[in-house]
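To keep things clear, I will list the structure first and then write my remarks on it.
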Amino acid sequence: MATRRSRGDGGLYWDESRQRWTAEVTVGFRPNGKRIVRKARGKTKTEAKTKLKELLSDVEEGAVNASAGYTVAQAVNDWLDSYGRGERDPNTVKAVRSLANNHIIPAIGARPLVKLDVDDVEEWLAEKAEVLVTSTLRNLRSILRRAINRAQVRKRVRHNVVLLCEELPAGKGTGRPSKALTLAQAEAVLTAAESSPMRAYIVVSLLTGARTEEMRPLTWDHVDLVGKPDASPAIPPNVKVWRSVRAKGETKTRKSRRTLALPERAVRALEDHRVAQQAVKAVAGDDWREQGLVFATNVGTERDVNNVRRDFRRVIKAAGLKPTQWTPRELRHSFVSILSDGGMAIEEISRLVGHSSTAVTELVYRKQIRPVVESGARAMDRLFPATGEPAEVSSPADQAS
């Protein structure tokens, strides 16, 4: 006599309407008490039994919502929807969605998530490595990993196969590396900027190391061109780098929120710029939209990244450099490079550019950081000259006297 399956072992029956054997497992209950059922079908009883075992295995491993109908594309889109609802820069969300729509979904989006395996992911990354740079590959892998992780948390898949893949393949290149102006080139750019509306923008960027995303929303109430010379200690002219074009105006990191002293050349440039802006405002008349911006358009609104780049490259061309090879962000790289060549310690440079640690400064600007620290050698040459005769070092008593 046939025995009934125990509760929780699932069921197996012939579905006349579909002409298939059906495997069925109860995976839970809804708040109203209704069962949550997962089903799988096969042409033969043996095939259905195999699928029943797979369903039971999924339940045992926590993937109670696993389904062959849930694809990689659905997992990625579900993650993108949740990612877009966060407090993130809209441009970042747009860029991430573009990567997914152009490189993940067309290639492996149709594959059921439960059937995606390590080979699928590694072959996809190897194919993309032939046409994309390594940093883009890294971003693609991160998107897929996070999408599958979300699905795993929601019990749609047992494992995150991306975590089981071997090392990321090297892309076709590293993209265009950032560069830094030499001291002579920087002076040429500053000279070329004298007759440009971009003069103050370029001078302040190059002489303070502020990010271009921090310069565009800068307002006059965060610029002090006088300071408090009679205070104790004296406060020099300064600029408060407290905002950026990121979501909610936050700076990139906590340490990016900083107040920087202004070099005299930057003070003069900003004084002239304020006078020129008043003339532009008068011409604009009723079209002017007062937002208190330092580097505004001809109607007072915030400049976008494209017109900043365009006007910057005009100055670069006037300085005798190839405009297509330079971007505004490289003024910041130049700031780091010139200070490092001048002997400033990396710790101080890191503070000025608002990095969370010197490790970030070295990672991002490693080609611009002076590779040889000479202060120790100079001190030792003074104390232990090459002649073999040690230098005279005064005693504490002599120093006291």
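The values are calculated or read from the model by the stated rules, or taken from the named source; none is laboratory data. Everything numeric here is computed off the predicted structure, so don't read it as measured data. Cβ placement follows ideal geometry from the backbone for every residue including glycine, while neighbour counts extend to all protein chains displayed. Keep in mind that these areas ignore ligands, DNA and RNA; they rest on the heavy atoms of the full protein, side chains included. Shrake-Rupley method; radii C 1.70, N 1.55, O 1.52, S 1.80 Å.
Figures for the structure shown
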read-out	value
Whichever residue in segment 16-33 is within 16 Å of K49 (Cα to Cα) and modelled with pLDDT of 75 or more and, among such residues, is nearest to the chain's Cα centre (by Cα)	T22
Index of the failed condition, V226 passing every other in (1) touching a strand residue (DSSP E or B) at 6+ places or on another chain (Cβ under 8 Å); (2) modelled with pLDDT of 90 or more; (3) exposed (fewer than 14 other Cβ atoms within 10 Å of the Cβ); (4) among the hydrophobic types (A, V, I, L, M, F, W, C)	(1)
Residue within segment 183-201 that is of a type in the set (D, E), in a helix (DSSP H, G or I) and modelled with pLDDT of 90 or more present	yes
Tally, over segment 134-158, of residues that are open to solvent by 30 Å² or more (accessible area, probe 1.4 Å), more than 21 Å from G84 (Cβ to Cβ) and not in a helix (DSSP H, G or I)	2
Test: A386 is open to solvent by 60 Å² or more (accessible area, probe 1.4 Å), at pLDDT below 80 and not in a loop (DSSP other than H, G, I, E, B)	no
Residue list for segment 115-133, restricted to those being outside any helix (DSSP H, G or I) and under 21 Å from Q74 (Cα atoms)	L116, D117
Search result, residues across segment 159-169 that are assigned to a loop (DSSP other than H, G, I, E, B) and either open to solvent by less than 80 Å² (accessible area, probe 1.4 Å) or in contact with a Gly (Cβ under 7 Å, 6 or more places away or on another chain) (or both)	N160, C165, L168, P169
Which listed residue is touching a residue at least 24 places away in the same chain (Cβ under 8 Å) and over 20 Å from the mean Cα position of the chain (by Cα), from R216, R146, R199	R199
Checklist (1) over 18 Å from L168 (Cα atoms); (2) open to solvent by less than 20 Å² (accessible area, probe 1.4 Å); (3) not hydroxyl-bearing (S, T, Y) applied to R97, failing item	(2)
Of all residues in segment 294-310 being touching a residue at least 40 places away in the same chain (Cβ under 8 Å) and in contact with a helix residue (DSSP H, G or I) (Cβ under 8 Å, 6 or more places away or on another chain), the one that is farthest from H273 (Cα to Cα)	V305
Any helices (runs of 4 or more DSSP H) falling wholly within segment 257-341 and containing at least 2 residues that are within 16 Å of T219 (Cα to Cα) and open to solvent by less than 20 Å² (accessible area, probe 1.4 Å)	264-284
